[in-house]
Amino acid sequence: MQKPQHSSGRAGLVMKRLFAIALTALCTLANAQVPDSALAPLIRTVAADEQTVRNFYDLRWSSARMQALDALAERYLDQIEAMSLEGMDVVARADAVMLRFHLEDLAASVALDRARRAEMLELLPYLELVERLEQDRALMSPLDLPALAREISAIPGQIERLRARIVKPTDEVRADSIVVSPTLALRTASASADTLEKLERWARHYRNFMPGFAWWLDTPIDKSRSAIREYENHLRREMAQQKGNDDDPLVGQPEGRERLMQSLRREMIAYTPEELIEIGQRELAWCQQELRAAAREMGCGDDFHAAIEEVKTRHAAPGEQARLVTEQAAFAIDLVDELVTVPELCAKLWRTQMIPTRDQRIWPFAAYNNNHVMVSFATDEMDTDAKLMSMRGNNEHFTRIVVPHELIPGHHLQGFMADRIRTYRKLFSTPFFVEGWALYWEFELWDRGYARGPEDRVGMLFWRSHRAARIIVSLKFHLGEMTPEEMIEFLIEQVGHERASATSEVRRYINGMYSPLYQVAYMIGGLQLRALKRELVDGGHMGLRAYNDALLEHNAIPVEMIRAQMLGLELGLDYEPMWRFDDPAANP
């Protein structure tokens, strides 16, 4: 007869088995059902409420929209501050911290919008009128058609008087002049277009069912429309010199150090702009050292610029770039099969799409968008010089690392998983993970010998240099230490860009399309993920595939919060960023 076990022994054995099973499940992302946190319902409600406010108050610069968003942020911040985290696991605690940061950032964004609205208000004499019309339409207030006709009829005259006072910063200034910078001119033109769209929507709402509306208002609206569009054209073409040409001046507004520090806190980056510039300079120096080594192997001596120029000549023939991208994608997908879980649908459901000629002014290289690898290459609409620059800039060796960055294991895989796991966390999405994940894989592929020879290494190092240079030029621009022209020259001289490509890159960095830290996020996010890998994988706590899969379980949130959850750190509502990922000795 077998000796009966004590209940405590049986319980211990069961617990060990359960732990092993749980660990195996957690490390098999393909089969795991990653649970939402206890705060997921609240976060979904906040996101839905915020979107409802934005959808209803869709006049971008209306005071009503700002008041509603401010009230929403204040209401939920009060709720968060009254919340107890007692009994919550680290995932829920991380959600509470991120929700607090999001709401604080929302309030700060509204404050910035108010300041910008105040700056534009004198330049948009019809904005408050359209705000009132939209509010009255929502309330279904009765319309005084003759009075409205008089108000709308006044718009062309207001614009004419305004245009007589507007001057550029370089013009002679009179006592009644309004000095308008190129950045302010473009922002005002955009706000005006949005305001005109809402005025026309208001008119469409009433025109066909309210007797007398068209009789009183069609002519005033038609004349105002023409005056507003001509005014917007003046702001864009004359004040900002944006005429739709390739040689249009580059227009952007430096954010300043204080705004950068606020943005870094929001992204949970415990570094100053100056410290990040030093990291960028260090990484760029390493890249140039490796480029010289590759150049010597290619017979170019220490002249890495000559090696880059040689590599640029090795491009696909016209019409063949999409085929090249498809072949490179298939190779990369096979290569990473043992390093990260790639669901079957993710691996199969993607396609290439060529970027139109006009859009290549902003997107000179491959990009990713909604299951599409966007391919940039020479088109029949380009002149000869533009065709050659496009083919050289998208050569075989440059493209070979861009494709896995954009597709698998990069953006396509990350986006695929973000659509399926802890989707409520999209409210906290950050480029430091989205772009950092793609760059982390560039690091991994380099370490694993992805390059077939020195030419491939030059291609990989070109892009790595590019990410480092982005840190330097974008932060120096926003600190007021570098002009757009100096940024272009830096990318040409220190990275090896074609002038057209460098100009397109800088245009995108500074035109307001992206947040001021977006260009910093690539390399810094990649370095964060690599530092966390050193802690967990190199430290012997988990395998590489398990680590890579686990990263995707958190959605695209700040890497510091991923680290806190994976290490089981204590998090309170008063948490502030503290992870010094580039200086492990400084961390607790």
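Looking at region 343-376 only, could you name the residues that are touching a strand residue (DSSP E or B) at 6+ places or on another chain (Cβ under 8 Å) and either farther than 21 Å from residue 410 by Cα or surrounded by fewer than 12 Cβ atoms within 10 Å (Cβ to Cβ) (or both)?
Within region 343-376, just 351 meets the criteria.
Can you list residue pairs whose Cβ atoms sit under 7 Å apart, with the first residue in region 274-301 being farther than 17 Å from residue 473 by Cα and the second being of a type in the set (Asp, Glu) and surrounded by fewer than 16 Cβ atoms within 10 Å (Cβ to Cβ)? Count only pairs 6 or more apart in sequence or on different chains.
292/302; 295/302; 295/303; 296/302
What tally of residues in region 263-272 results from selecting those that are outside any loop (DSSP other than H, G, I, E, B) and surrounded by fewer than 18 Cβ atoms within 10 Å (Cβ to Cβ)?
Qualifying residue count, region 263-272: 1.
Here are some residues: 316, 322, 307, 329. Which one is surrounded by fewer than 18 Cβ atoms within 10 Å (Cβ to Cβ) and touching a residue at least 40 places away in the same chain (Cβ under 8 Å)? I'd like the intermediate steps shown before the answer.
Working: 316 fails: surrounded by fewer than 18 Cβ atoms within 10 Å (Cβ to Cβ); 307 fails: surrounded by fewer than 18 Cβ atoms within 10 Å (Cβ to Cβ); 329 fails: surrounded by fewer than 18 Cβ atoms within 10 Å (Cβ to Cβ).
Within the list 316, 322, 307, 329, the selection yields 322.
Going by the conditions given, is residue 539 more than 14 Å from residue 267 (Cβ to Cβ), touching a residue at least 12 places away in the same chain (Cβ under 8 Å) and surrounded by fewer than 18 Cβ atoms within 10 Å (Cβ to Cβ)?
In short, no.
Let's see how each residue does on (1) surrounded by 13 or more Cβ atoms within 10 Å (Cβ to Cβ); (2) farther than 30 Å from residue 507 by Cα; (3) in the same structural domain as residue 157 (by TED's automatic domain parsing):
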| site | (1), (2), (3) |
| --- | --- |
| 207 | yes, yes, yes |
| 210 | yes, yes, yes |
| 218 | yes, yes, yes |
| 222 | no, yes, yes |
| 228 | yes, no, yes |
| 233 | no, no, yes |
| 247 | no, no, no |
| 252 | yes, no, no |
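Of everything in region 554-568, what is farther than 17 Å from residue 428 by Cα, touching a helix residue (DSSP H, G or I) at 6+ places or on another chain (Cβ under 7 Å) and surrounded by 12 or more Cβ atoms within 10 Å (Cβ to Cβ)? Give them in sequence order. It would help to see each step written out before you state the result.
Initial filter on region 554-568 (farther than 17 Å from residue 428 by Cα): 566-568.
Filter once more, keeping what is touching a helix residue (DSSP H, G or I) at 6+ places or on another chain (Cβ under 7 Å): 566, 568.
The one that is farther than 17 Å from residue 428 by Cα, touching a helix residue (DSSP H, G or I) at 6+ places or on another chain (Cβ under 7 Å) and surrounded by 12 or more Cβ atoms within 10 Å (Cβ to Cβ): 566.
Within the group 84, 109, 63, which residue is polar (S, T, N, Q) and closer than 28 Å to residue 163 by Cα?
Of 84, 109, 63, the one residue that is polar (S, T, N, Q) and closer than 28 Å to residue 163 by Cα is 63.
Look through 291, 284 and report the one residue that is buried (at least 20 other Cβ atoms within 10 Å of the Cβ) and either over 19 Å from residue 436 (Cβ atoms) or assigned by TED's automatic domain parsing to the domain that holds residue 113 (or both).
Result: 291 is the single residue among 291, 284 that is buried (at least 20 other Cβ atoms within 10 Å of the Cβ) and either over 19 Å from residue 436 (Cβ atoms) or assigned by TED's automatic domain parsing to the domain that holds residue 113 (or both).
For region 44-74, what are the residues that are without any contact (Cβ under 8 Å) to a residue 12 or more places away in the chain and either of a type in the set (A, V, I, L, M) or within 22 Å of residue 429 (Cα to Cα) (or both)?
Result: 45, 48, 51, 52, 55, 71.
Considering only residues that are in a loop (DSSP other than H, G, I, E, B) and in contact with a Lys or Arg (Cβ under 6 Å, 6 or more places away or on another chain), look in region 235-245 and name the one that is surrounded by the fewest Cβ atoms within 10 Å (Cβ to Cβ).
243
Which of the helices (runs of 4 or more DSSP H) found entirely inside region 115-199 contain at least 3 residues meeting this: farther than 25 Å from residue 513 by Cβ and among the basic types (Lys, Arg)? Before the answer, list the steps.
Numbers: elements: 127-139, 145-153, 155-165.
Per the criteria, 155-165.
Filter region 377-411 for residues that are over 14 Å from residue 499 (Cα atoms) and either free of Cβ contacts under 8 Å to residues at least 12 places away in the same chain or touching a strand residue (DSSP E or B) at 6+ places or on another chain (Cβ under 6 Å) (or both) and give the result.
Applying the first criterion (over 14 Å from residue 499 (Cα atoms)) to region 377-411 yields 377-384, 395-411.
Once the filter is applied, which keeps residues that are over 14 Å from residue 499 (Cα atoms) and either free of Cβ contacts under 8 Å to residues at least 12 places away in the same chain or touching a strand residue (DSSP E or B) at 6+ places or on another chain (Cβ under 6 Å) (or both), region 377-411 yields 380, 383, 384, 406, 407, 411.
As an exercise: evaluate residue 40 against (1) touching a residue at least 60 places away in the same chain (Cβ under 8 Å); (2) in contact with a Leu (Cβ under 7 Å, 6 or more places away or on another chain); (3) surrounded by fewer than 19 Cβ atoms within 10 Å (Cβ to Cβ) and give the number of the one condition it does not meet.
Of (1) touching a residue at least 60 places away in the same chain (Cβ under 8 Å); (2) in contact with a Leu (Cβ under 7 Å, 6 or more places away or on another chain); (3) surrounded by fewer than 19 Cβ atoms within 10 Å (Cβ to Cβ), only one is false for residue 40: (2).
If you check residue 167 against the conditions, is it of a type in the set (Val, Ile, Thr), exposed (fewer than 13 other Cβ atoms within 10 Å of the Cβ), more than 19 Å from residue 61 (Cα to Cα) and not assigned by TED's automatic domain parsing to the domain that holds residue 59?
In short, no.
Take the residues in region 354-413 that are of a type in the set (Val, Ile, Thr) and in contact with an Asp or Glu (Cβ under 8 Å, 6 or more places away or on another chain), then tell me which one is farthest from residue 434 (Cα to Cα).
Only one residue fits best here, namely 357.
Could you grab me the full set of residues in region 321-352 that are more than 23 Å from residue 444 (Cα to Cα) and of a type in the set (Val, Ile, Thr)?
352
The values are calculated or read from the model by the stated rules, or taken from the named source; none is laboratory data. Computed from a predicted model, the values in this text were never measured in an experiment. No Cβ is skipped: glycine too gets one built from the backbone with ideal geometry, and neighbour counts run over all protein chains shown.
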